[in-house]
Amino acid sequence: MSSTKSGAPNDSIRQRLYEIMSADELSLEDRQTEALALGREYLGVQNGHIERADEAAGTHEVVASVGGPATLFPPGETLNRATTYCRRTMDADSPVALADASKEGWAEDPAYEEHGLACYLGAPIFVRGESYGTVCFVDETAREDSFEASEKAVVELLARLLGRELAATSYEAELMDAHKRRSTLVEAAPEAIFLVDTDTTEITDVNEAATSLTGYDSADLKGMTVFDLHPTHSRDQYHQLLEDLATTGDTARTLPDGSQLELQTADEDRIPIEMSASAVELSDGRYIQGIVRDISERTEREQELDRERELFAYSQRLASVGGWEYDCQTGDLYWTDEVRRIHGVDEEFTPTAEDALSFYLPEDRPRVRAAVDRAIEAREPYDLELRIVTATDDVRWVRVQGRPTCENGETVRLRGTFQDITERKEREQELRLRTRAMDEAGVGISIADATEPDTPLVYVNDAFTDVTGYDREDALGTNCRFLQGPETKEPAVDVVRDAIRNEETRTTELLNYRADGTPFWNELTVTPVTDSAGDTSHFIGIQRDVTSRKRRERLIGVLNRVLRHNLRNGMTIVAGMGETIAAAADGEIAAQAETVAETARDLMNVSEKAKAAETAFRDDPAPRSLDVVTVVEQTVAELQAAQPEATIRCELPGEQQAIATDRLEMVLTELVENAIAAGGSQVTVAVVSPDDDEERVTVEVRDDGPGLPAMEARVLKQASESPVDHASSFGLWMVNWLVTEMGGEVDVAAEDGTTVTVALQQGHRDDVPRGGAVTEAALGDDPNSWDW
């Protein structure tokens with residue numbers, strides 16, 4: 001860069017500076033900016049700026065800057081004083097000028113090393129005799145010639161003008177602040193002031209706040225004694241208190257007996273007050289100046305604060321969260337009552353830091369020490385979950401949070417919370433156990449998000465991936481319909497759709513396809529999961545590969561149909577031949593032929609009942625609430641119409657609701673037909689209402705026949721006959737299974753005829769048994785027997 005022309009300070013520059021700094025229409029910031037721009041142009045340098053020094057902090061702040069580049073001393077930048085050129089300027093109390101810093105002995109100066117400025121001209125700024133900072137003009141390129149005296153004079157003039165304006169601005173601000181403070185004190189003073197003659201106790205003067213407080217006007221107050229403003233029953237105490245306050249200059253809000261100080265208004269309302277007083281010596285005598293404050297709001301706030309404190313203490317107990325504070329300078333530790341309660345200590349316990357540390361398990365103490373040390377030294381907050389042993393030897397999980405509080409760059413205290421999280425930890429442990437159980441379960445488990453469109457999967461366990469062949473990454477985020485294929489039947493899929501739409505548990509079997517395209521039979525149970533608000537948030541799917549079972553069922557079905565077909569055809573021929581021989585022969589041969597025919601017919605009946613049982617067991621109707629009386633009436637009517645020669649009676653009360661299925665009619669039909677076949681002349685079907693302490697509706701089928709054989713009675717009660725080789729036994733076996741499938745029980749009494757009792761659960765219930773939820777009686781004495 002080149003130097004400007006030499007000579008005395010340019011008059012036009014000087015005049016322009018005066019004009020700028022005295023322009024009332026410009027703010028101080030605008031005047032600083034224009035003056036810096038003028039100086040930068042005059043000196044031909046890159047940048048002009050003003051630095052404000054904070055010698056205590058060892059920093060300089062750039063308060064105004066003109067010129068570039070943008071990174072060169074932008075406004076608001078904080079500089080390290082040790083690396084500034086301006087420190088030399090302030091130390092010298094006079095301008096410092098450098099045309100080429102590196103050649104003038106500044107090459108190793110921290111300022112040159114930090115900023116690399118070759119050219120510098122700066123002058124100190126003084127405000128009301130105190131060092132303020134500097135005005136500086138700098139350039140990264142050296143000047144060819146040294147700064148001339150005229151140039152230094154311009155910068156020094158600018159520094160003086162800036163100091164003068166800063167001083168004026170500061171003085172004006174102080175005057176304005178003082179005026180505002182005085183105005184605020186006068187205008188906003190809320191206290192009522194009374195001047196009282198000590199000899200007569202008459203009120204001689206009041207302020208406006210006193211008239212507002214009492215409801216009396218100024219003239220009325222000046223004709224009253226000060227004690228006229230207080231309740232009659234306490235005036236002696238008020239008199240003594242006023243004298244004491246005038247002597248001591250103290251403030252009081254209660255009388256000597258501890259009751260609240262009160263002022264009685266013109267409307268005879270009583271206002272709680274706080275009063276202070278002082279003796280005043282005036283030219284005409286001695287007076288007491290009393291200052292009275294209405295503390296109604298304060299009293300209400302204090303009462304509200306007391307309530308909030310009680311609520312806070314209650315909330316701490318409810319949430320098991322307390323607070324603590326540690327004074328780093330004194331070593332004092334403070335606990336709230338809830339922290340003491342969590343530790344199992346009484347309210348009088350005053351802990352030390354070592355006491356607090358001793359409650360933690362030995363293996364957790366190093367973590368506490370390290371966290372506290374980091375908080376104090378590095379001002380790093382912490383949040384830890386640790387274990388303590390309480391004073392009563394209980395092990396508790398706690399969450400400890402700490403945050404440092406700093407003053408003047410130093411950590412002076414730690415504050416934080418202390419929460420008992422034992423229950424949460426136990427729930428987390430339980431959740432981990434459940435999650436592990438789900439992960440390692442032997443059946444496929446999936447969870448779908450009901451709140452997202454298309455109900456995507458958000459979890460599948462390992463068994464799911466094993467069964468389906470799909471990787472977890474392929475399954476998550478998609479609807480589980482990807483398992484369906486060309487042979488998946490819509491009715492089975494509809495069961496799943498209905499379960500999701502109606503938000504209920506459903507089970508179905510449907511043909512699904514593995515990732516390699518192999519079909520498999522999937523027994524799927526869909527169950528809704530609700531959130532805390534009771535809304536369904538997810539669906540859990542349980543998948544079981546039942547392909548082998550379905551194959552066995554189909555094979556058994558085929559064999560069963562073939563066996564029944566051959567048995568029925570063969571036994572028809574045997575029965576017919578037996579009847580023919582019995583008709584043609586006499587004596588023992590005829591009797592034997594009739595036995596053969598009867599046995600064949602019995603086996604044919606077994607075949608038919610087996611077919612009926614297969615049909616009944618093929619479906620799995622859900623138990624529901626039925627009117628048992630209506631079912632009995634309809635069944636008996638149908639039986640009486642089919643067998644008019646039999647006598648069938650009913651004993652029925654009013655409506656009786658019980659949990660059952662549509663198979664109840666098959667049960668009643670089998671029992672009545674068996675009673676008729678056993679030779680009873682009359683069959684009675686009775687519905688018995690439950691007693692007050694019972695929860696079962698019973699149906700009794702009674703006959704007056706010879707009584708049910710012991711073997712068949714055992715079949716009916718325990719379903720364990722081996723083998724089931726004739727129609728009546730098979731039918732009774734089927735009755736037991738059908739009743740226990742719907743959650744009921746069967747009993748039999750074979751004295752003076754036979755009474756079979758079917759007991760059903762009364763009314764409605766949500767957890768009605770589903771298929772497979774049979775009672776112990778349905779399993780028989782030997783669950784491994786061939787008929788089981």
Note to self: Within the range 464-519, take every residue that is among the acidic types (Asp, Glu) and within 15 Å of residue 545 (Cα to Cα) and give me the one that is nearest to the chain's Cα centre (by Cα).
What the structure shows: 466
Margin query: With the requirement that a residue be without any contact (Cβ under 8 Å) to a residue 12 or more places away in the chain and either closer than 23 Å to residue 287 by Cα or surrounded by 13 or more Cβ atoms within 10 Å (Cβ to Cβ) (or both), what does the range 233-270 give you?
Written below: 235, 236, 243, 244, 248, 254
Check: Looking at (1) over 30 Å from residue 501 (Cβ atoms); (2) at pLDDT below 70, which is the only condition residue 616 fails?
Finding: (1)
Next item on the list: Mind listing just one residue for me: the one in the range 201-210 that is under 59 Å from the mean Cα position of the chain (by Cα) and open to solvent by 30 Å² or more (accessible area, probe 1.4 Å) and, of those, nearest to residue 239 (Cα to Cα)?
Entry: 207
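Identify all residues within the range 283-301 that are surrounded by 15 or more Cβ atoms within 10 Å (Cβ to Cβ) and either part of a strand (DSSP E or B) or free of Cβ contacts under 8 Å to residues at least 12 places away in the same chain (or both); write none if there are none.
Answer for the range 283-301, where residues must be surrounded by 15 or more Cβ atoms within 10 Å (Cβ to Cβ) and either part of a strand (DSSP E or B) or free of Cβ contacts under 8 Å to residues at least 12 places away in the same chain (or both): 287, 288, 289, 290, 291, 292, 293, 294.
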Next item on the list: Tally the residues that are open to solvent by less than 10 Å² (accessible area, probe 1.4 Å) and in contact with a Gly (Cβ under 8 Å, 6 or more places away or on another chain), restricting the search to the range 102-137.
Entry: 5
Check: Which residue out of 451, 455, 536 is closer than 27 Å to residue 621 by Cβ and in contact with a strand residue (DSSP E or B) (Cβ under 9 Å, 6 or more places away or on another chain)?
Finding: 536
Margin query: Which residue is most open to solvent (accessible area, probe 1.4 Å), if the candidates are limited to the range 523-547 and must be closer than 19 Å to residue 482 by Cβ and touching a residue at least 60 places away in the same chain (Cβ under 8 Å)?
Written below: 544
Notebook entry, point to check: For the range 677-704, how many residues meet the condition of being buried (at least 20 other Cβ atoms within 10 Å of the Cβ) and either of a type in the set (A, V, I, L, M) or not in a strand (DSSP E or B) (or both)?
Noted result: 7
Margin query: Quick check on residue 630: is it exposed (fewer than 15 other Cβ atoms within 10 Å of the Cβ), under 53 Å from the mean Cα position of the chain (by Cα), modelled with pLDDT of 85 or more and closer than 30 Å to residue 697 by Cβ?
Written below: yes
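Take the residues in the range 361-391 that are without any contact (Cβ under 8 Å) to a residue 12 or more places away in the chain and under 23 Å from residue 411 (Cβ atoms); name whichever of them is least open to solvent (accessible area, probe 1.4 Å).
If we filter the range 361-391 for residues that are without any contact (Cβ under 8 Å) to a residue 12 or more places away in the chain, which is where we start, we get 362-363, 365-366, 370, 373-374, 378.
Next, from what is left, pick out any that are under 23 Å from residue 411 (Cβ atoms): 365-366, 370, 373-374, 378.
Details: 365: 68, 366: 77, 370: 40, 373: 77, 374: 103, 378: 66 Å².
Applying the filter and picking the extreme gives 370.
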Margin query: Looking at residue 358 and the list (1) farther than 15 Å from residue 388 by Cα; (2) open to solvent by less than 80 Å² (accessible area, probe 1.4 Å); (3) of a type in the set (Ser, Thr, Tyr), which single condition is not satisfied?
Written below: (1)
Notebook entry, point to check: For residue 216, all conditions in the list (1) part of a loop (DSSP other than H, G, I, E, B); (2) open to solvent by less than 20 Å² (accessible area, probe 1.4 Å); (3) not polar (S, T, N, Q) hold save one; what is the number of the exception?
Noted result: (2)
Check: Where in the range 382-493 are there strands (runs of 3 or more DSSP E), lying wholly inside it, with at least 3 residues that are within 30 Å of residue 527 (Cα to Cα) and not hydroxyl-bearing (Ser, Thr, Tyr)?
Finding: 444-449, 457-460
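Identify all residues within the range 408-432 that are of a type outside the set (S, T, N, Q), open to solvent by less than 90 Å² (accessible area, probe 1.4 Å), in contact with a strand residue (DSSP E or B) (Cβ under 9 Å, 6 or more places away or on another chain) and within 27 Å of residue 341 (Cβ to Cβ); write none if there are none.
413, 414, 416, 418, 420, 421, 424, 425
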Next item on the list: Among the numbered conditions (1) modelled with pLDDT under 90; (2) in a helix (DSSP H, G or I), tell me where residue 357 comes up short.
Entry: (1)
Check: Considering only residues of the range 436-457 that are within 24 Å of the chain's Cα centre (by Cα), open to solvent by less than 60 Å² (accessible area, probe 1.4 Å) and among the β-branched types (Val, Ile, Thr), which is nearest to residue 540 (Cα to Cα)?
Finding: 447
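The values are calculated or read from the model by the stated rules, or taken from the named source; none is laboratory data. Bear in mind that the values here come from a model prediction, so they are computed numbers and not experimental data. Virtual Cβ from ideal backbone geometry, glycine too; neighbours counted across all protein chains shown. These accessible areas exclude ligands, DNA and RNA; they are computed on the full protein's heavy atoms, side chains included. Shrake-Rupley method; radii C 1.70, N 1.55, O 1.52, S 1.80 Å.
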